[in-house]
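The values are calculated or read from the model by the stated rules, or taken from the named source; none is laboratory data. Please read these numbers as outputs of a predicted model, since none were measured by experiment. Quick reminder, even Gly has a Cβ in these numbers, built from the backbone with ideal geometry, and neighbours come from all protein chains shown.
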Amino acid sequence: MLPGCQDHIKNEISKASFVSVIADETTDVSSISQLVVVFRYVLSNGQPVEKFWEFTNPLGHDAKSILKCIQASLEKVLAKPEKLISQSCDGTNVMSGQHVGVQAFIRRAYKNE
């Protein structure tokens, strides 16, 4: 079911002018790290939507491991990296660190963000 939904989301994103990525990481009770990725974009009728993309399991709790998962998700949906104009995540240092957080890495990799 998820691949069918993802195909639909990819199609919608291909028609959207811009896209934003929302990501959050958590560790469950068994110490397994999970990252959720959600995309936000505007449909052709002007309606903004947020769509769940996937859960992934980063190999570590560091910014580079989380970034790798987010980039893998972005590569699946963005034919043009310049369409990414925004990102959001929680306020932890790993995610929002000014120089070595996930947000800093994405800003360097995706110039319109």
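Things worth noting here:
- Candidate set from the stretch 81-110 (those that are at pLDDT 90 or above and charged (D, E, K, R)); member that is surrounded by the most Cβ atoms within 10 Å (Cβ to Cβ): K83
- The residues of the stretch 35-75 that are out of contact with any strand residue (DSSP E or B) (no Cβ under 6 Å at 6 or more places or on another chain) and part of a helix (DSSP H, G or I), listed by number, are A63, K64, S65, L67, K68, Q71, A72, L74, E75.
- Residue pairs whose Cβ atoms lie under 9 Å apart, separated by 6 or more positions or on different chains, with the first residue in the stretch 30-48 and of a type in the set (A, V, I, L, M, F, W, C) and loosely packed, with under 14 Cβ neighbours inside 10 Å and the second at pLDDT 95 or above and in a strand (DSSP E or B), are L43/V49.
- Residue-level check: of (1) farther than 17 Å from D90 by Cα; (2) without any contact (Cβ under 8 Å) to a residue 40 or more places away in the chain; (3) under 16 Å from the mean Cα position of the chain (by Cα), L59 misses just (3).
- Enumeration of residues in the stretch 3-29 that are in contact (Cβ under 8 Å) with a residue 40 or more places away in the chain, under 19 Å from C89 (Cα atoms) and surrounded by fewer than 16 Cβ atoms within 10 Å (Cβ to Cβ): F18, D24
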